[in-house]
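Okay, structure first, notes after.
The values are calculated or read from the model by the stated rules, or taken from the named source; none is laboratory data. Everything numeric here is computed off the predicted structure, so don't read it as measured data. Note that each Cβ is placed from the backbone with ideal geometry, even for glycine, and that neighbours are counted across all protein chains shown.
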Amino acid sequence: MARQIEQAEPTKSKEGGKGSGKLIVTGVLMLPVIAVLMPSCIVLAINMAPAIVAYAVDRTREKYLAVTVGLLNFCGTLPAEVALWQRGQTYDAAMDIASDAFFWLVAYGAAALGWAIYLMIPPILGHYYEITSHARLQSHQRKQQALIEAWGEEVTGEITEKPSG
Amino acid sequence: MSEQAHREQASAASCVLDGRYQIHPDKPLPPLDAPMASAVVATDLRDTGREMFALVCRSDLLPRIDIIPELSRLTRRPMITPVDAGTVDWPETGGRRLVIVFDRDFGERVCESSDKTITPVREDQLMRMVIKPLAPALREMSERYIAHRAIRADNLFYTDASRQAVIFGECVSAPPGLSQPVMYEPIDSAMARASGRGMGTTADDLYSFGAMLAFLLTGGETVAGMSDEEIVEAKIVRGSYSALIGQARVSLSIMEPLRGLLCDDVKERWTVTDVELWLGGRKLSPKQPMLPRRAARAIAFSGKEYWTKLSLSYAMGLRWSEASQLVASGVLERWVRRALSDDDTGEALEGVTETAAVLSDGEDRLTSKTLMVIGPDLPLRYKGVSARIDGLIDAFAIDFHDQDFRQTFLEMVKAKLPQIYLQSLSSARPDQVALMKTFDMINFFLDRPAMGNGLERALYESNPAWPCQSPLIQDQYVYEMDDLLPALERVVARGDPTQEIVDPHIAAFCAARLRSISERILRELGKHDDLATFRLGVLHLLAEVQRGSGTKRKCPALCQWLARSVQPIVDSYHNRAYRVRLAEEIGHASTKGDIHQLIFLLDSFEARNQDTEGFARAKKEHAGHARVIAWLQGGGLTSPENVQFRSQQAATLISATVSAIAIVTLTLIYVI
C-alpha cells in the first residue's frame with residue numbers, strides 16, 4: 001500500500017507540472033497577441049467582469065454557471081469590441097468605450113440574462129420531470145401487469161416456480 | 001319384460017366364459033366346494049344337457065392356470081379335469097372372478113373331511129376301487145411332469161352312483177399343496193407352512209397317495225384328535241408308516257406299497273413304476289422304516305427331551321426364542337459331538353458359530369444357520385416362518401398381506417438366508433441356480449423402495465403370473481396385462497377413484513410384465529412431491545400398457561379421468577393462454593380413449609422448450625421494468641440532485657444556443 005502511495009504521488013506532481021507547463025506555454029504564446037490587442041483586452045476584461053465573478057462563485061467541477069453566464073456575457077461584449085475595432089483599437093478609444101454606459105448595459109444585461117436562465121431552469125425542469133416520471137411509472141407498471149397476465153405471478157420471481165413436467 | 005327379468009338377463013349375459021360356458025353365481029353347489037374355491041352351477045351353451053360346475057377362485061390367490069391346458073387333455077383319466085378357465089364379470093361384487101369349469105360327470109365325494117373319521121375301507125376294496133383305477137392317473141401326471149399336490153381322501157370322488165371306483169378331485173383351484181392337511185405331506189413339507197410347500201414333485205404325490213390309502217384303511221382313526229405338530233413329531237420319531245397306520249392290522253400284500261409310498265427317504269420312496277410293477281404281481285419284502293440316528297442321551301429343550309437331530313430341529317423351528325438360547329449356550333454342539341458322536345455336524349456347528357462371530361451375525365441368523373446344519377434338507381426356518389426353499393417364493397405371494405410374515409420374509413432375504421440355505425444343501429437341486437438368481441433379484445428390488453420397484457416389484461418378478469394385488473383392482477382379478485386397462489376402465493366408470501389410478505402394486509405389476517416400461521417412467525412415478533411429474537409418469541406408464549398389451553381397445557372413461565387428473569401438468573406450463581388452449585385440446589382428445597394422444601399434447605418437447613424460454617425472457621423483462629419502477633419511485637428523475645444537474649446542463653445549452661444565435665445575428669448586421 002505504501003509503495004502504491006509512493007508511486008501515486010510522483011504521478012500527481014508530474015500531472016500538476018504538466019498542467020502548469022501547458023498554462024505557461026499558452027501564456028507565452030498569447031503574450032504577443034495580448035501585447036498587440038491590449039485595448040481590446042482591456043475592454044473585454046472590463047465587460048466580462050460578471051463572467052469572472054460567476055467563475056469565481058461556481059464551485060462545480062463542470063463550471064456550468066460560468067459557461068452559461070460567460071457565453072452570453074461574451075456576446076454582450078461583442079458590440080463594444082466591434083466599436084473599438086472601428087475606432088482603430090487605441091487606448092483612448094478603449095477608455096471611451098469602457099466609460100460608455102450603453103456598452104456596459106449591453107454586456108452586463110447579457111450576463112444578467114445568463115444568470116436568469118441559470119436560476120429559472122431548475123423549477124421548470126423539476127415540474128417537467130414530475131410529470132414525466134409519473135407517466136413512465138404507469139407505463140412500466142402496465143407492461144408488468146401484461147407480463148403477469150400472460151405468464152402468471154411466477155414471472156415476478158416472488159413466487160416459487162412450480163416444477164415443470 | 002319386467003325390470004327384474006332384464007337385470008337377470010344382463011347378469012347372466014355377463015357371466016359367460018369364452019362365450020360358451022354360462023356361470024350361475026346364484027346357484028351354489030356346496031358339496032363340490034374346494035377349500036380355496038366355491039362351486040356354482042355352470043352350463044354349456046352349445047350343449048345345455050351337459051352337466052357342469054365351476055369353481056370360483058379367491059381373488060388373492062393364483063390357481064394353477066398354467067397346468068390347465070395340459071390337464072384338459074387328460075379327459076379319459078380318472079381325474080376331475082378342467083374344461084376351461086378364465087375371468088368373468090361377477091355381478092355380486094361388480095368385479096371379475098377367475099372361474100374354472102369342469103364336467104359334472106362323477107359321483108359323490110368319498111369323505112367329507114380328513115378331520116373326521118370314516119368307516120375303514122377293506123383292503124380288497126382299496127385295491128379294486130382306489131389303487132388300480134388311480135395308478136394310470138399317477139403315471140400320466142408323472143410323464144407330463146405335473147404334480148397333483150391335492151391327493152387326499154376328501155378330494156376323492158366316486159366315479160358314479162354305483163361307488164365301484166374313485167377318481168382324483170381337481171388340483172387347480174389353489175396353489176400346489178396349500179390345502180393339504182399335514183398328514184398327507186412328507187415330513188419336510190409338513191414342517192413347512194401351507195403356503196410354503198412349493199410346487200412339489202411326483203414323489204410328494206406318491207407320498208400323499210400312500211397317506212390317503214392309510215387314511216382309507218384306518219378310517220382316519222390313527223391321527224384323529226392329533227394336532228399338526230403331534231402328527232409331524234410322530235412321523236419323525238416313528239416313521240410315517242407307523243405314524244399313519246398305528247396299530248391297525250394290515251396284510252403283508254398291502255403293507256408293501258404302503259411302506260414303499262410312505263418311505264421318509266425320498267430316494268428310497270416308491271416310484272410310479274414300483275406301483276405298476278406291484279400291481280402287475282411283483283412282490284418284494286416291505287421296506288423297513290429308516291429312522292434317524294438316536295442319541296446316547298437326550299437333550300432337554302423347552303421342557304421336553306429329544307433323542308434325534310431331526311426331532312430337535314423341528315422343535316427348535318417351532319420355539320424360536322428358546323432355540324436361540326440353546327444355540328447361544330453351546331450345549332447343542334456338545335450334545336451332537338458326545339451323545340450323537342457326530343463330529344461332522346459338530347464341526348459344521350462350530351464353523352457356523354465362528355463365522356457368525358466374524359460376520360457379526362445376529363442371533364436369529366445364527367439360529368437359522370444352525371438349523372440348516374442339524375436338519376439339512378429340511379425347510380428353511382427363520383423366526384416363525386418355515387418353508388421349502390422354492391415354496392418360500394410362493395409363500396411370499398400367498399401371504400403377502402400378512403404383515404408379520406412379510407417382515408420376516410424381508411429379514412430372511414436381506415440376511416441372504418435363502419442363498420446360504422441353497423449352498424448348504426447336501427445335493428444340488430436342478431433349479432438351484434435359478435432360485436439363487438430369483439433371491440438375488442428379490443434383494444435387488446428390495447434395495448430400491450421407489451414406486452415400480454420395492455417389495456411389490458419383487459412380488460411380481462418372482463411370481464410371474466400372480467394377479468395384481470392393488471386395492472383399486474383387486475376385485476377385478478387382473479393377472480394378464482391385457483386385463484389391466486379394461487379393469488381400470490371399469491373402476492373409473494364406476495365412479496371417480498379417490499386414490500391415484502397407479503399405485504405401487506400397479507406400477508410394479510406393469511414394470512414386471514412389460515419390459516418396455518423404462519427407468520425414466522419409474523423415476524417419474526417416484527416423484528410424489530412433484531405432482532406434475534408423477535402424473536406424467538402415470539400417463540407414460542398407462543400409454544405403454546395400452547401399446548404393449550396389444551389391445552386396440554380404447555378406454556374413454558379412463559382417458560377422461562386422466563384428462564381431469566393432468567391439471568398439474570397443464571399448470572406446469574407458464575403461459576396462461578397456452579394452458580387454456582391445452583386444456584381444451586386435452587378435453588377433446590380424451591373422448592377418443594387414446595392415452596397416446598394425451599401424451600402427445602402434454603409432453604411436447606417443442607412446446608415445453610418454447611414455454612421455458614419465453615418464461616425466462618418474460619421474467620427478465622419483468623425484472624427490467626421492476627428496476628426502472630424502483631428507480632423512478634426512488635426519485636431517479638425528480639430528485640433535487642438530478643434536477644439541479646440536468647438544469648445546469650440545460651441552462652448551459654440554452655445559453656450556448658442563444659449566444660450562437662446572437663453571434664450569427666451580430667455578424668450579419670456588421671457584415672451587411
Completion exercise
B:Arg249 meets each of (1) part of a loop (DSSP other than H, G, I, E, B); (2) closer than 22 Å to B:Ile393 by Cβ; (3) of a type in the set (D, E, K, R) with one exception, condition (2)
Exercise for the section: Quick one: which residue in B:Thr370, B:Thr345 is surrounded by fewer than 20 Cβ atoms within 10 Å (Cβ to Cβ) and touching a residue at least 24 places away in the same chain (Cβ under 8 Å)? Expected result: B:Thr345
Fill in the blank from the handout: Expected single match for free of Cβ contacts under 8 Å to residues at least 12 places away in the same chain and more than 13 Å from the chain's Cα centre (by Cα) among B:Arg388, B:Arg381, B:Arg365, B:Arg448 is B:Arg448
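Could you say whether any residue in the range B:595-603 is β-branched (Val, Ile, Thr), assigned to a helix (DSSP H, G or I) and away from chain A (no Cβ under 14 Å)?
Within the range B:595-603, one or more residues are β-branched (Val, Ile, Thr), assigned to a helix (DSSP H, G or I) and away from chain A (no Cβ under 14 Å).
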Practice task
Could you pull out the residue among B:Val223, B:Val182 that is buried (at least 24 other Cβ atoms within 10 Å of the Cβ), of a type in the set (Val, Ile, Thr) and more than 25 Å from B:Gly281 (Cβ to Cβ)?
Solution key: B:Val223
Exercise for the section: Give the range B:128-156 a look and list any residue that's surrounded by 19 or more Cβ atoms within 10 Å (Cβ to Cβ) and either outside any helix (DSSP H, G or I) or touching a Gly at 6+ places or on another chain (Cβ under 7 Å) (or both), or say none. Expected result: B:Ile146, B:Ala147, B:His148, B:Arg149, B:Ala150, B:Ile151, B:Arg152, B:Asn155, B:Leu156
Problem - Candidates B:Gln180, B:Gln125, filtered to the one that is without any contact (Cβ under 8 Å) to a residue 40 or more places away in the chain and closer than 22 Å to B:Met226 by Cα - result: B:Gln180
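What is the residue count in the range B:479-534 for residues that are part of a helix (DSSP H, G or I) and more than 14 Å from chain A (Cβ to nearest Cβ)?
26
Listed here are the residues, each with its yes/no results for (1) part of a helix (DSSP H, G or I); (2) facing chain A (nearest Cβ under 9 Å); (3) out of contact with any Ser or Thr (no Cβ under 8 Å at 6 or more places or on another chain); (4) closer than 16 Å to A:His127 by Cα.
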| position | (1), (2), (3), (4) |
| --- | --- |
| B:Phe615 | yes, yes, yes, no |
| B:His625 | yes, yes, yes, no |
| B:Trp631 | yes, no, yes, no |
| B:Asn642 | yes, yes, yes, yes |
| B:Gln648 | yes, yes, no, yes |
| B:Thr652 | yes, yes, no, no |
| B:Val664 | yes, no, yes, no |
Exercise for the section: Could you tell me whether B:Arg197 is surrounded by 24 or more Cβ atoms within 10 Å (Cβ to Cβ) and among the basic types (Lys, Arg)? Expected result: yes
Problem - Within the range B:593-643, tally of residues that are among the aromatic types (Phe, Trp, Tyr) and surrounded by 15 or more Cβ atoms within 10 Å (Cβ to Cβ) - result: 2
Problem - Number of the condition not met by B:Ser590 [criteria: (1) more than 9 Å from chain A (Cβ to nearest Cβ); (2) surrounded by fewer than 17 Cβ atoms within 10 Å (Cβ to Cβ); (3) polar (S, T, N, Q)] - result: (2)
Fill in the blank from the handout: Within the range B:189-239, residues out of contact with any helix residue (DSSP H, G or I) (no Cβ under 7 Å at 6 or more places or on another chain), of a type in the set (Gly, Ala, Ser) and in a helix (DSSP H, G or I) come out as B:Ala194, B:Ala203
Exercise for the section: Name the single residue, out of those in the range B:96-127 being buried (at least 21 other Cβ atoms within 10 Å of the Cβ) and assigned to a strand (DSSP E or B), that is farthest from the chain's Cα centre (by Cα). Expected result: B:Phe102
Practice task
Looking only at the range B:269-302, count how many residues are touching a residue at least 40 places away in the same chain (Cβ under 8 Å), over 37 Å from the mean Cα position of the chain (by Cα) and not in a loop (DSSP other than H, G, I, E, B).
Solution key: 3
Completion exercise
Scanning the range B:249-268 for residues that are surrounded by fewer than 21 Cβ atoms within 10 Å (Cβ to Cβ) and in contact (Cβ under 8 Å) with a residue 60 or more places away in the chain, the one nearest to B:Thr218 (Cα to Cα) turns out to be B:Val250
Practice task
Consider B:Leu425 carefully, then state whether it is at pLDDT below 90, more than 24 Å from B:Glu305 (Cβ to Cβ) and among the hydrophobic types (A, V, I, L, M, F, W, C).
Solution key: yes
Practice task
Determine whether the range B:541-551 contains at least one residue that is closer than 28 Å to A:Ala150 by Cβ, under 26 Å from the mean Cα position of the chain (by Cα) and at pLDDT 90 or above.
Solution key: no
Exercise for the section: Check B:Ser329, B:Ser321, B:Ser341 and return the single one that is small (Gly, Ala, Ser) and closer than 22 Å to B:Ala192 by Cα. Expected result: B:Ser321
Problem - Index of the failed condition, B:Val433 passing every other in (1) part of a helix (DSSP H, G or I); (2) more than 20 Å from B:Gly537 (Cα to Cα); (3) touching a helix residue (DSSP H, G or I) at 6+ places or on another chain (Cβ under 7 Å); (4) of a type outside the set (Asp, Glu) - result: (3)
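Of the residues B:Ala511, B:Ala465, only one is in contact with a helix residue (DSSP H, G or I) (Cβ under 8 Å, 6 or more places away or on another chain) and either under 25 Å from B:Val566 (Cα atoms) or assigned by TED's automatic domain parsing to the domain that holds B:Val56 (or both); which?
Among B:Ala511, B:Ala465, only B:Ala511 is in contact with a helix residue (DSSP H, G or I) (Cβ under 8 Å, 6 or more places away or on another chain) and either under 25 Å from B:Val566 (Cα atoms) or assigned by TED's automatic domain parsing to the domain that holds B:Val56 (or both).
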Problem - Residue count for the range B:563-582, restricted to those that are away from chain A (no Cβ under 14 Å) and of a type in the set (A, V, I, L, M) - result: 1
Practice task
Could you list all residues from the range B:392-420 that are under 19 Å from B:Gly198 (Cβ atoms) and outside any helix (DSSP H, G or I)?
Solution key: B:Asp399, B:Phe400, B:Asp402
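I'd like the full set of residues that are within 30 Å of B:Val643 (Cβ to Cβ) and surrounded by fewer than 23 Cβ atoms within 10 Å (Cβ to Cβ), limited to the range A:73-120.
Hits for the range A:73-120 are A:Phe74, A:Tyr108, A:Gly109, A:Ala112, A:Leu113, A:Trp115, A:Ala116, A:Ile117, A:Leu119, A:Met120.
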Problem - Check on B:Ser321, part of a strand (DSSP E or B), hydroxyl-bearing (Ser, Thr, Tyr) and not assigned by TED's automatic domain parsing to the domain that holds B:Ile245 - result: no
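Condition check ((1) more than 25 Å from B:Leu435 (Cβ to Cβ); (2) assigned by TED's automatic domain parsing to the domain that holds B:Met412; (3) in contact with an Asp or Glu (Cβ under 9 Å, 6 or more places away or on another chain); (4) in a helix (DSSP H, G or I)) across all residues:
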position	(1), (2), (3), (4)
B:Val336	yes, yes, yes, yes
B:Thr345	no, yes, yes, yes
B:Ala348	no, yes, no, yes
B:Asp361	no, yes, no, no
B:Arg365	no, yes, yes, yes
B:Ser386	no, yes, no, no
